[in-house]
Amino acid sequence: MAGGSERLRRRWLGAAAGAAGRGLAAWGVARRRRAIPRPLPEGPRERIVVLGAGFAGVAFMDALWEALGPQPRIDLRLIDRNNFKLFTPLLYQVATGLVSPDNISYPVRRRTRRRGARFQESLVQGIDLEARRVLTDDGPVPYDTLVVALGSVTNFFGMQDVARHALTLKTLGDGITVRNRLIDAFEEADVTTDPERRRALLTFNIVGAGATGVELATAIDNLINLVLLRDYPGINAEEVRIRLIEALDRAVPEMSEGVCRFTAKRLAERHIELRLGDPVVGLEGDRLRTRSGNLLPPGTTIWTAGVRANPVARGLPVEHGQGGRVVVTDTLQLPGHPEVFCVGDNALITDPATGRPVPPNAPAAIQMAQATARNVARRLRGEPLQPFRYHFKGELLSLGRNHAVLHLGGLLLDGFPAWVVWRAFYLTELMGMENRVGVMADWAFAYLSRLRESGRLICEPALAEEEGVMPTLAGRMR
Ligand SMILES: Cc1cc2nc3c(=O)[nH]c(=O)nc-3n(C[C@H](O)[C@H](O)[C@H](O)COP(=O)(O)OP(=O)(O)OC[C@H]3O[C@@H](n4cnc5c(N)ncnc54)[C@H](O)[C@@H]3O)c2cc1C
């Protein structure tokens with residue numbers, strides 16, 4: 001009986017996801033119809049190696065398939081340290097218990113199999129440009145064409161104390177750790193008899209009020225106000241403090257004026273304290289020190305203040321720009337090494353339309369990867385390459401339950417309509433129907449019951465190791 005209703009639920013969710021997808025397709029989000037690829041001229045088999053199975057790496061593989069079709073002349077290999085692609089835009093929802101970690105992770109082998117490519121799970125340690133081989137923990141991998149799409153890492157701006165003690169939000173593990181710490185803080189605050197300790201436990205300092213910091217802060221606010229304060233009746237809303245600290249003079253400085261305005265208004269409505277124009281210079285115990293000399297009250301620090309290029313890309317003997325990103329040609333190649341392309345967060349290229357660097361975000365990574373795939377196909381055909389052009393697609397920012405802000409062309413929309421667009425858009429951007437249905441189900445449960453029950457789970461890897469079981473199976477409900 002239970003199995004039957006589960007099947008019915010899944011079928012209903014599948015149908016609903018399909019309808020949402022079709023609706024958005026009609027809206028213009030549908031994939032382009034694939035033209036029949038022209039055959040490649042005869043020649044030796046080309047070994048194309050792609051480093052990183054993130055937004056850029058996977059988009060490259062898909063676009064190369066579109067450009068060439070099933071191709072005996074190429075040997076395509078995708079290398080990543082993880083065998084899944086992480087959908088980072090929803091990572092803050094893992095950190096706040098809204099979605100399950102599985103639902104934002106897509107098994108890459110499923111896609112490589114369909115694209116006639118090979119996946120290799122290895123840690124990339126370096127690139128030998130002269131010998132044309134990639135150095136990995138599983139041995140060297142030779143290439144004829146290389147695509148470097150290793151993304152970025154958290155930038156602590158040289159502050160070792162911050163790197164050691166602050167929480168970050170970059171990997172799936174980070175998302176789970178933040179969720180554990182938020183719930184653990186409430187558990188401990190509920191029983192401690194020390195008022196200072198209790199105040200510190202209920203204070204959350206998020207450093208970096210860019211899009212990630214703002215989305216995380218508003219989601220933490222929702223988690224606390226809609227769920228935790230009800231679960232912990234001994235804790236009052238007035239005791240909890242969420243603070244966003246930004247070095248520049250406005251929230252979401254990477255976004256347009258209108259989006260910044262709506263964001264500041266929403267943060268004020270939610271009593272999220274916004275400290276602007278005073279960069280953090282260190283972390284002393286659990287207290288942040290700012291450039292003006294302020295020592296902020298103690299709390300949990302979550303660092304979302306910026307990224308820099310992946311260490312492997314930073315280690316390449318070429319010119320590097322802001323954040324160690326590799327300065328590439330207008331065709332996204334390494335100067336002096338036309339067989340190496342660098343795309344996504346680890347590449348630096350100026351957008352001629354604005355005179356500013358192309359931003360390190362998912363649409364830019366995907367566009368660079370697609371342009372590179374078309375250029376790799378041209379190279380194999382002996383045709384001239386075309387320069388990369390970045391197309392700005394608009395801005396979308398979630399501001400908590402029922403609130404978002406959307407900036408598209410001349411349209412600036414906030415509140416519930418923007419939130420609906422936000423959810424529909426990210427649902428279609430997720431890879432794989434199973435993940436879409438999973439996220440839809442998570443959202444539906446969270447919307448109706450305030451939080452998925454498993455969002456309250458604390459997963460304890462240390463305990464798991466002691467007991468000799470898989471960490472993911474060792475979570476326990478509290
Ligand atoms: C929390 C968060 C939220 C975000 N939200 C948004 C958003 O809402 N919208 C948006 O546009 N952008 C967002 N971004 C930015 C977006 O995720 C990046 O711009 C995008 O992922 C860049 O794509 P990429 O392919 O260059 O790198 P990634 O997608 O990061 O892929 C890099 C891949 O390389 C692999 N890798 C790294 N080092 C090694 C190594 N040494 N060996 C083997 N494999 C390695 C990684 O495992 C990863 O799979 C967000 C980022 C974060 C962290």
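Throughout, read-outs are computed from the coordinates displayed, never taken from laboratory work. Because the structure is predicted, anything quoted here is derived from the model rather than measured. A quick note on method: Cβ atoms are made from the backbone with ideal geometry, for glycine too, and the neighbour counts reach across all protein chains shown.
Taking the chain as the reference, fit the longest principal axis to its C-alpha atoms, fit the long axis of helix 172-191 to the helix C-alpha atoms, and give the angle between the two in degrees, 0 to 90, nearest 10. That works out to roughly 0 degrees.
Extension gain, F392 to D194, is 66.1 nm, computed as 0.36 nm per intervening residue step minus the present C-alpha separation.
Just report the Cα centroid separation between the stretch 350-404 and the stretch 412-427, whole Å. Each part reduced to its Cα centre gives a spacing of 22 Å.
Would you calculate a helix-derived [θ] at 222 nm for the chain, using -39,500 (n - 2.57) for each DSSP H run of n ≥ 4 and dividing by the full residue count, to the nearest 500? The partial results should precede the final answer.
Numbers: 14 runs with 169 residues, N = 478.
That comes out to -11000 deg cm²/dmol.
What is the extension gain from N236 to F445, computed as 0.36 nm multiplied by their sequence separation minus the C-alpha to C-alpha distance, in nm to one decimal? List each step's numbers first, then the result.
Details: separation 209, 0.36 × 209 = 75.24 nm, distance 2.54 nm.
Contour length minus Cα-Cα distance gives 72.7 nm.
The string of couplings for the stretch 110-120 from the Karplus curve (6.51, -1.76, 1.60, θ = phi - 60°) is 4, 7, 4, 4, 5, 9, x, 10, 10, 9, 10 Hz, one whole number per residue in order, with x for Gly and Pro.
For L90, L408, what ranking results if the residue with the fewest other Cβ atoms within 10 Å of its Cβ goes first?
Details: L90 25, L408 13.
The most exposed by this proxy come first: L408, L90.
Among rounded, prolate and oblate, which fits the stretch 75-186 when a ≥ b ≥ c are the square roots of the eigenvalues of its C-alpha gyration tensor, a/c under 1.5 means rounded, and a/b larger than b/c means prolate? Cα axes put the stretch 75-186 in the oblate bin. Relative to the dominant Cα principal axis of the chain, helix 257-269 is inclined by about 30°.
The alpha carbons of the chain occupy a box of 76, 62, 56 Å along the principal axes, longest dimension given first. Between D278 and E246, the built amide H atoms are under 5 Å apart, and every one of these is 5 or more places off in sequence or on another chain. Short-range pairs are left out: with C-alpha atoms under 8 Å and at least six residues apart, the relative contact order of the chain is 18 percent.
Label positions at R110 and D249, each projected 7 Å from the Cα along the C-beta direction, are separated by 4.8 nm. For M433 and R381, FRET efficiency with R0 = 60 Å and r from the beta-carbon atoms, rounded to 0.05? Plugging the Cβ-Cβ distance into 1/(1 + (r/R0)^6) gives 0.95. Rg and Dmax over the alpha-carbon atoms of the stretch 362-408 stand at 16.5, 52 Å. Among G306, M61, A362, pick out the residue whose Cα is farthest towards the positive end of the charge dipole of the chain, where Lys and Arg carry +1 and Asp and Glu carry -1 on C-beta, about the Cα centre. With unit charges placed on the Cβ atoms, the residue in question is M61.
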